[in-house]
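Worksheet for the structure shown next.
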């Protein structure tokens, strides 16, 4: 199993309408056949010193194996998401774990 966790910090000038479109774009990624588990969300209202709530959106995907992860990376839906929405990223951090 491979966990692919992506945290997005969108640019401060991103409008609410653009944020909604971004969230819809994230949702489109669940249609990629190699994605076994999908979760997209925003920071939970948890206030603890060790919890980072500075990001705008979180994407968590689970894949069966590294081959599925690699298939996802070149999938047309993933490429389309990046092409359309990367202009909104101020920062992106990715954690991949197995």
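The values are calculated or read from the model by the stated rules, or taken from the named source; none is laboratory data. If you're wondering where the values come from, they're calculated on a predicted model, not measured in any experiment. As a convention, Cβ positions derive from the backbone with ideal geometry for all residues, glycine included, and neighbour counts pool all protein chains shown.
When residues of the range 77-91 are filtered for being assigned to a helix (DSSP H, G or I), closer than 13 Å to residue 18 by Cβ and either modelled with pLDDT under 95 or touching a helix residue (DSSP H, G or I) at 6+ places or on another chain (Cβ under 7 Å) (or both), how many remain? Break it down into steps so the answer makes sense when it comes.
Filtering the range 77-91 down to residues assigned to a helix (DSSP H, G or I) leaves 77-88.
Adding the requirement that they be closer than 13 Å to residue 18 by Cβ leaves 84-88.
In the following step, the residues that additionally are either modelled with pLDDT under 95 or touching a helix residue (DSSP H, G or I) at 6+ places or on another chain (Cβ under 7 Å) (or both) were identified as 84-85, 88.
Qualifying residue count for the region: 3.
When the residues of the range 1-14 are narrowed to those that are in contact with a strand residue (DSSP E or B) (Cβ under 9 Å, 6 or more places away or on another chain) and in a loop (DSSP other than H, G, I, E, B), which ends up surrounded by the most Cβ atoms within 10 Å (Cβ to Cβ)? Please lay out each step first, then the result.
If we filter the range 1-14 for residues that are in contact with a strand residue (DSSP E or B) (Cβ under 9 Å, 6 or more places away or on another chain), which is where we start, we get 1-12, 14.
Add one more test, that the residue is in a loop (DSSP other than H, G, I, E, B), and what stays is 1, 11-12, 14.
Details: 1: 12, 11: 12, 12: 7, 14: 17.
Per the criteria, the residue is 14.
Mind listing whichever residues of the range 15-33 are farther than 13 Å from residue 60 by Cβ and buried (at least 18 other Cβ atoms within 10 Å of the Cβ)?
22, 25, 32
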